[in-house]
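S.K.: Sharing a structure, written as structure tokens. Questions coming.
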Amino acid sequence: MDSVHFSAGAPPTAGTHAVITRFDDLRWRAVEDGVVIGHGEASRRPDGRVFLSIDTWHGAVFDRLATAMLADLPSPLYTMVDAADHDLTARWEQAGLTVRRGEREYLVATDPLVTGLDTAQAPSDVTILGLGAAREPALREVYEAVRAEVDARVGWDSMPVEVPARPDGAPMDPSRYAVAEAGDRYVGLVRVVARRRHARIGLVAVREGLRRRGIARAMLAEVLGALHRRGVEAASAEVDERNSAAAALFEGIGAQRVSSAVEMVRGV
């Protein structure tokens, strides 16, 4: 999200004479009287979307950087703003972006005695395969099926954390996925990116027609338990505020809501 601090004590004209310069493809700076007083940056996420951020103390500089960046870059363009920062939201709206959706970030312990997942079990006809145990191309098949289902309902780009785009037919990394298997196919998956002391859950999904059977909870039990055994104490996850089922899933295992943000966009 933007790192912006509007200086209440600055004179009204502060930054109004700044010179805005684009000094490479994805970065801009504002200079006034030989001093850099603002930066703008565009970053391309793995799914191809371009997100904007601005760092400055002056509202006038923010406005001029935003205008320059939006003029230089093709749409669609996105940004993330803390949901409590109404001033910043208003400035991006003035620049031409609109609020697209809300997002919650959760932090969940991995200890099964804390989450209550020590007793979670999959249905008798479903087997949970841990991180690294999934087979190709069955993993890719369930991922593409889930993606098609999400696309048909709300659009895949509504997912808070997109998995990296891959060329058609390119293999996936099984070490980042746990799956649920029923019969001869996978019916659910969880994607995890683990660091030394922390992990990020980027996707939890179960095929339509098999939901509300405890499969997602069982997959999380497997994944969080494995992380706990590795010494990873907590994992984070981002949930679209419209996804009440996902919010209930995480809140049901004691996840704490640590922040909220809004995604804004121009050109969609």
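S.K.: With a point put 7 Å past each Cα toward its Cβ, work out how far residue 22 is from residue 133 in nm, to one decimal.
M.R.: 5.1
S.K.: Right, next: Over the Cα atoms of the chain, each weighted equally, I'd like the Debye log10 I(q)/I(0) at q = 0.08, 0.13, 0.14, 0.17 Å⁻¹, rounded to two decimals.
M.R.: Debye intensities relative to I(0), on a log10 scale: -0.41, -0.90, -0.98, -1.24.
S.K.: Shape verdict for segment 201-256, please, from the Cα gyration tensor: rounded (a/c under 1.5), prolate (a/b greater than b/c) or oblate.
M.R.: The shape class here is oblate.
S.K.: Let me ask something else about it. Can you tell me the FRET efficiency between residue 121 and residue 241 if r is taken as the Cβ-Cβ distance and R0 is 30 Å, rounded to the nearest 0.05?
M.R.: 0.50
S.K.: Which Cα, out of 210, 192, 225, lies furthest along the positive dipole direction of segment 191-241 (beta carbon charges, K/R +1, D/E -1)?
M.R.: Going by the Cα projections, it comes out as 225.
S.K.: How much of residue 228 can a 1.4 Å solvent probe reach, expressed as accessible area in Å² and rounded to 10?
M.R.: My reading of the accessible area for residue 228 is about 80 Å².
S.K.: Residue 94 label point, 7 Å along Cα→Cβ, cut-off 16 Å on backbone N: hits in segment 55-75?
M.R.: Only 55-70 pass the distance filter.
S.K.: Measure off, as a whole percent, the carbon and sulfur share of the 1.4 Å-probe accessible area of the chain, all protein chains present.
M.R.: 49
S.K.: Right, another one. Hey, can you find the accessible area per residue of the chain for me, probe 1.4 Å, expressed in square angstrom?
M.R.: So the chain comes to 50 Å² accessible per residue, rounded to a whole number.
S.K.: Going by accessible area, probe 1.4 Å, with all protein chains left in place, what is the ranking of 79, 21, largest first?
M.R.: My answer, sorted largest first, is 21, 79.
S.K.: Label 7 Å along Cα→Cβ of residue 68; segment 92-106 residues with amide nitrogen under 18 Å?
M.R.: 92, 95-96
The values are calculated or read from the model by the stated rules, or taken from the named source; none is laboratory data. Predicted model, so just to flag it, every value in this text is computed and none were measured. Note that each Cβ is placed from the backbone with ideal geometry, even for glycine, and that neighbours are counted across all protein chains shown. Keep in mind that these areas ignore ligands, DNA and RNA; they rest on the heavy atoms of the full protein, side chains included. Shrake-Rupley method; radii C 1.70, N 1.55, O 1.52, S 1.80 Å.
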